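Engineer: Have a look at this one.
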Amino acid sequence: MLLLKLKRLSIESKLKILAIFPLIFIIGLSFFMIYDSYEKDLKLKNVEKLLILNTKISLLLHETQKERGMTAGFLGSKGEKFSTEVVAQRLLVDEKLKEVNSFLNTFDKNVYSDEFLENLNNGLKKLQDLPNIRTGVSAFSINEIGRASCR
């Protein structure tokens, strides 16, 4: 039945029908390519945000390591050396920590793996001890950085 109807169609109509299939294929392929490009763009934006976070955390880590070194010198000299430097370095560390926290307020954590988030949260929790450690250092109740005095 369908074959009879196709035979009765003009050549022009038959050509139009034949042109529809490649057109549908091309449109479908175009949508797929657009969607794929959109997905890649989202992934690249997430990687870019991760790189920014990594840079900020690296700068914070660098400043905390400098504070740790100065603090060791401060404690080793019983406060005679590095007293002004430690205070200035603490301000730099606090500034870098504010930058990290500020960035994290705009950071979409739902995009990343649970393992990544667990590591990030563990690192941030360790930084919460910083004021207590600094207080212990200033009071000389810590004889080694990270270890409470056994007096």
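Engineer: Helix by helix through the chain, keep the DSSP H runs that span 18 Å or more along the axis on Cα and average at least -0.5 on Kyte-Doolittle, and give those back in order.
Structural biologist: 11-76, 83-105
Engineer: Ignoring ligands, DNA and RNA, please state the percent of accessible area on the chain from carbon and sulfur, probe 1.4 Å.
Structural biologist: 62 percent
Engineer: Excluding residues fewer than 8 places away in the same chain, name every one of the lysines whose C-alpha is closer than 18 Å to that of K16.
Structural biologist: Cα-Cα hits under 18 Å: K5, K7.
Engineer: Taking N as the number of residues in the chain, what is its Cα Rg relative to 2.2 N^0.38 Å?
Structural biologist: 2.12
Engineer: Let me ask something else about it. Please give the charge dipole size of the chain, origin at the Cα centre, charges +1 on K and R Cβ atoms and -1 on D and E Cβ atoms. Round to the nearest 20 debye.
Structural biologist: On the way: 23 positive and 18 negative charges, 124 e Å.
That gives a dipole near 600 debye.
Engineer: Just name one of F103, S77, L92: the one whose Cα is farthest towards the positive end of the charge dipole of the chain (beta-carbon charges, Lys/Arg +1, Asp/Glu -1).
Structural biologist: Farthest along the dipole direction, towards plus: F103.
Engineer: Please calculate how many Å² of accessible area the stretch 70-141 carries per residue, with a 1.4 Å probe and no DNA, RNA or ligand atoms counted.
Structural biologist: 66 Å²
Engineer: Also, quick follow-up: Full extension from I133 to L6: what is 0.36 nm times the residue separation minus their Cα-Cα distance, to one decimal in nm?
Structural biologist: Contour length minus the Cα-Cα distance gives 37.1 nm.
Engineer: Could you work out the Rg to Rh ratio of the stretch 55-143, with Rh taken as the Kirkwood radius (inverse of the mean 1/r over all Cα pairs)? Write down the numbers at each step before the final one.
Structural biologist: On the way: Rg = 15.1 Å, Rh = 14.3 Å.
Ratio of gyration radius to Kirkwood radius: 1.06.
Engineer: Distances longer than 17 Å among the Cα atoms of the stretch 34-84: what percent of all pairs is that? Walk me through the intermediate numbers first.
Structural biologist: Working: 745 of 1275 pairs.
Roughly 58 percent, once rounded to a whole number.
Engineer: Given a 1.4 Å probe, how much area per residue of the stretch 1-52 is accessible, in Å²?
Structural biologist: Solvent-accessible surface per residue comes out at 97 Å².
The values are calculated or read from the model by the stated rules, or taken from the named source; none is laboratory data. Note that this is a predicted model, so its numbers are computed, not measured. Note that each Cβ is placed from the backbone with ideal geometry, even for glycine, and that neighbours are counted across all protein chains shown. Side chains are part of the model used for accessible areas, which takes the heavy atoms of the whole protein and leaves out ligands, DNA and RNA. Shrake-Rupley method; radii C 1.70, N 1.55, O 1.52, S 1.80 Å.
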